[in-house]
1. Return the pair list, or none, for Cβ contacts closer than 7 Å from residues in segment 45-59 that are over 10 Å from VAL34 (Cα atoms) and not assigned by TED's automatic domain parsing to the domain that holds LEU24 to residues that are surrounded by 17 or more Cβ atoms within 10 Å (Cβ to Cβ) and at pLDDT below 95, at least 6 apart or on different chains.
2. Can you go through ALA82, ALA77 and tell me which one is within 18 Å of ARG200 (Cα to Cα) and out of contact with any Cys (no Cβ under 9 Å at 6 or more places or on another chain)?
3. Does segment 155-202 hold any residues that are surrounded by fewer than 18 Cβ atoms within 10 Å (Cβ to Cβ) and either in contact with a Ser or Thr (Cβ under 7 Å, 6 or more places away or on another chain) or outside the structural domain of ALA128 (by TED's automatic domain parsing) (or both), and which are they?
4. Return the only residue of ALA72, ALA65, ALA90, ALA19 being part of a loop (DSSP other than H, G, I, E, B), hydrophobic (A, V, I, L, M, F, W, C) and surrounded by 15 or more Cβ atoms within 10 Å (Cβ to Cβ).
5. Cβ-Cβ under 7 Å, sequence separation 6+ or interchain: first residue in segment 77-96 and of a type in the set (Val, Ile, Thr), partner in a helix (DSSP H, G or I) and surrounded by 13 or more Cβ atoms within 10 Å (Cβ to Cβ). Which pairs?
6. Which residue pairs have Cβ atoms under 8 Å apart, sit 6 or more places apart or on different chains, and have a first residue in segment 113-134 that is without any contact (Cβ under 8 Å) to a residue 24 or more places away in the chain and a second that is part of a strand (DSSP E or B) and buried (at least 16 other Cβ atoms within 10 Å of the Cβ)?
7. I want to confirm something. Restricting to segment 35-62 and keeping residues that are in a helix (DSSP H, G or I) and touching a helix residue (DSSP H, G or I) at 6+ places or on another chain (Cβ under 7 Å), which single residue is surrounded by the most Cβ atoms within 10 Å (Cβ to Cβ)?
8. From (1) farther than 17 Å from SER167 by Cβ; (2) assigned to a helix (DSSP H, G or I); (3) basic (Lys, Arg), pick out the condition that doesn't hold for LYS78.
Amino acid sequence: MLAATSDNDGASHERRCIATGASLPVEKLVRFVVSPDGDIVPDLDGKLPGRGIWLSADRAAFAKAVAKGDFAKAAKAKVNVAPDLADHVAQLLVARLQADLGMARRAGFADTGFDSVMRALDKKTPPAVVFHAAGSGDDGRRKVRSALKSRELDTPSLDILTRDELSLALGRENVVHAAIRPGALADRLILNSMRLAGLRAKPSDTKGLAQDESTL
């Protein structure tokens, strides 16, 4: 059953993963609640009522939690868990990232294209995050990351969405590079990108997620 009271998730920045037992920052976890019908429901915004159940944003942790009944143990009740939960949450995260990128574009907070991104690095307020299409050529990505390093910027440089996903989100064809200016949208994009990186299966048009760990 859905608990009647909240677990006051905002009181701390760490929660315990039900699969590993490790206490981790909430940025590395996904929150779930139990619906009135007993379904395990992902709560990406951390706002749904009820006691939160936290799971590492990691495919191995998801697989263990589903296989070993960790959600039922945490809820102390019988629950319904989708066998493809990791894929489902990854799809939700992609949709959320695309929606936020679209909002950033409409608000004028997005610079798209290699040249525009490079110019954005020299603005008084540089980008908060830079996206590169997963599976795209390394040359442009290398140049952007080199420029970030030379300017001593710690801006995350992420390869988490495909070219098609970036293009659809930003309303342009063939988007390979995009920079997002600082603000709440950028913060949320970084957060959900971190979560997606641990959950996503290899995109069909990539050889893997080429995230630069030094900038994330």
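The values are calculated or read from the model by the stated rules, or taken from the named source; none is laboratory data. Keep in mind it's a predicted model, so treat the numbers as computed, not measured. Positions of Cβ are backbone-derived with ideal geometry, glycine not excepted, and every protein chain shown enters the neighbour counts.
1. Listed pairs, sorted by first residue: none to list.
2. Only one candidate passes the filter, namely ALA82.
3. ARG172, GLU173, ASN174, PRO182 - these are the residues of segment 155-202 that are surrounded by fewer than 18 Cβ atoms within 10 Å (Cβ to Cβ) and either in contact with a Ser or Thr (Cβ under 7 Å, 6 or more places away or on another chain) or outside the structural domain of ALA128 (by TED's automatic domain parsing) (or both).
4. Result: ALA19 is the single residue among ALA72, ALA65, ALA90, ALA19 that is part of a loop (DSSP other than H, G, I, E, B), hydrophobic (A, V, I, L, M, F, W, C) and surrounded by 15 or more Cβ atoms within 10 Å (Cβ to Cβ).
5. Every condition considered, the pairs that remain are VAL79/PHE71; VAL79/ALA72; VAL81/VAL66; VAL81/PHE71; VAL89/LEU199; VAL94/GLU165; VAL94/LEU196.
6. Cβ pairs passing all conditions: ARG119/ASP111.
7. Per the criteria, the residue is PHE62.
8. It is condition (2) that LYS78 fails.
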